[in-house]
1. Any residue at all in the stretch 99-117 that's farther than 16 Å from K309 by Cβ, small (G, A, S) and in a loop (DSSP other than H, G, I, E, B)?
2. Looking for whichever is of a type outside the set (A, V, I, L, M, F, W, C), within 22 Å of the chain's Cα centre (by Cα), over 30 Å from S243 (Cβ atoms) and surrounded by fewer than 24 Cβ atoms within 10 Å (Cβ to Cβ) here; the options are K59, K86. Which one fits?
3. Output the residues belonging to the stretch 150-166 that are closer than 30 Å to C228 by Cα, in contact with a helix residue (DSSP H, G or I) (Cβ under 6 Å, 6 or more places away or on another chain) and assigned to a strand (DSSP E or B).
4. Take D206 and decide whether it is touching a residue at least 40 places away in the same chain (Cβ under 8 Å) and on the phi < 0 side of the Ramachandran plot.
5. Just one of S97, S160 is farther than 21 Å from F316 by Cβ and assigned by TED's automatic domain parsing to the domain that holds I15; which is it?
6. Please state which one of I11, I52, I58 is β-branched (V, I, T) and free of Cβ contacts under 8 Å to residues at least 40 places away in the same chain.
7. For the stretch 172-192, give me each residue that is part of a helix (DSSP H, G or I) and of a type in the set (S, T, N, Q).
Amino acid sequence: MRVVIYGFGQIGRLIAKSAIKKGFEVVGAVDVNPELVGKKIHQLDGFDELGISSEAAIKDSLDFEDVDVVFLTTGSFVPDILPELKECIESGFDVVSSCETLSYPEFRYPELAREINQLAIENNVSVLGAGINPGFLLDLLPAVLSATSVEVKKIRAVRSADALKRRSSFQKKIGLGMEVNEVQKKLGKELTGHVGYGESVCLIADALNFTLEDVEEGQEIVVAKDDCIVEAGKVLGLIGFGSGIKNGEEVIRVEFHAYAGAEEYEEVVIEGDNPVVWRSSGTKGDIGTANVLVNLAKSVVNSEPGLIKISDIIPFR
């Protein structure tokens with residue numbers, strides 16, 4: 001597998017290292033950062049001993065040949081990554097992207113989803129949006145855990161992460177340490193919080209063949225108290241949710257608790273003819289995202305052309 005990383009920031013670099021571990025050949029990267037363009041990947045810190053070809057360069061456009069997969073990591077919203085995505089598709093390269101809203105683009109961008117699907121079919125390539133979340137912890141994992149039931153009534157999945165253990169860009173997007181009124185004003189605009197609650201709900205519903213009447217999502221601010229590690233009255237982070245409604249009842253609920261000092265765990269509860277409660281001690285998000293994308297690459301290459309979803313790949317539907 002010959003791969004290119006499109007967007008060579010922190011996640012892109014982790015993907016490159018995971019791809020090498022997987023046995024893929026990293027033939028180059030694309031980035032707009034003038035400090036990176038023109039450099040060889042093997043010259044960057046941490047890459048000099050990984051066996052990357054001395055010809056693998058960082059370019060400002062997708063000027064590569066004989067590429068199997070492009071890992072696209074340039075944004076969270078489909079309209080923002082659309083030019084890069086089209087460039088990949090029209091170059092004839094399969095795409096695996098960390099773009100959260102590409103995991104189920106019909107939820108927010110139905111017209112763009114149809115456009116991307118048609119373009120991918122015309123160019124005989126496959127496109128998938130995935131990652132640790134959406135793409136695994138709050139959708140793929142619950143769907144797989146439901147495989148021991150043939151009748152599923154409800155699913156609830158929770159991810160909880162200590163924001164202090166995450167990179168600074170993540171802390172910023174959840175408003176850590178900021179004034180409450182400032183976060184209230186900026187949430188959903190400059191501060192996105194977590195992106196993908198509705199997408200995860202839709203992916204679970206797709207896997208379980210649930211026809212939902214409505215999908216709701218929201219995020220609430222967690223405020224520091226006197227005994228917290230953040231100044232009292234300031235923002236610790238966010239708790240967000242996605243909810244799927246069927247026959248007037250919530251049948252799917254996903255939550256992400258992301259604030260300073262939060263207990264680290266994931267928990268999935270399946271209510272069905274063979275109930276399941278599954279709990280972990282927490283999963284590292286960044287390396288998890290990189291590894292999930294790399295581990296999905298061959299499935300994408302082997303898929304039928306078009307826009308695909310993680311729920312199309314799993315055997316339990």
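The values are calculated or read from the model by the stated rules, or taken from the named source; none is laboratory data. All figures in this text were calculated on a predicted structure; none of them were measured in a lab. Backbone-built Cβ (ideal geometry, glycine too); neighbour counts: all protein chains shown.
1. no
2. None of the other options fit; the residue is K86.
3. Going through the stretch 150-166, the residues closer than 30 Å to C228 by Cα turn out to be 156-166.
Narrowing further to those that are in contact with a helix residue (DSSP H, G or I) (Cβ under 6 Å, 6 or more places away or on another chain): 157, 163.
Selection gives A157 alone.
4. When the stated conditions are applied, D206 passes them.
5. On the way: S160 fails: assigned by TED's automatic domain parsing to the domain that holds I15.
So the residue among S97, S160 that is farther than 21 Å from F316 by Cβ and assigned by TED's automatic domain parsing to the domain that holds I15 is S97.
6. Testing whether each residue is β-branched (V, I, T) and free of Cβ contacts under 8 Å to residues at least 40 places away in the same chain leaves just I52.
7. Residues of the stretch 172-192 that are part of a helix (DSSP H, G or I), as a first pass: 172-173, 180-186.
Correct list: N181, Q184.
Let's see how each residue does on (1) hydrophobic (A, V, I, L, M, F, W, C); (2) touching a Lys or Arg at 6+ places or on another chain (Cβ under 8 Å); (3) surrounded by 14 or more Cβ atoms within 10 Å (Cβ to Cβ):
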| residue | (1), (2), (3) |
| --- | --- |
| F241 | yes, yes, yes |
| K246 | no, no, yes |
| F256 | yes, yes, yes |
| V268 | yes, yes, yes |
| G272 | no, yes, yes |
| R279 | no, no, no |
| T289 | no, no, yes |
| S303 | no, no, yes |
| D312 | no, no, yes |
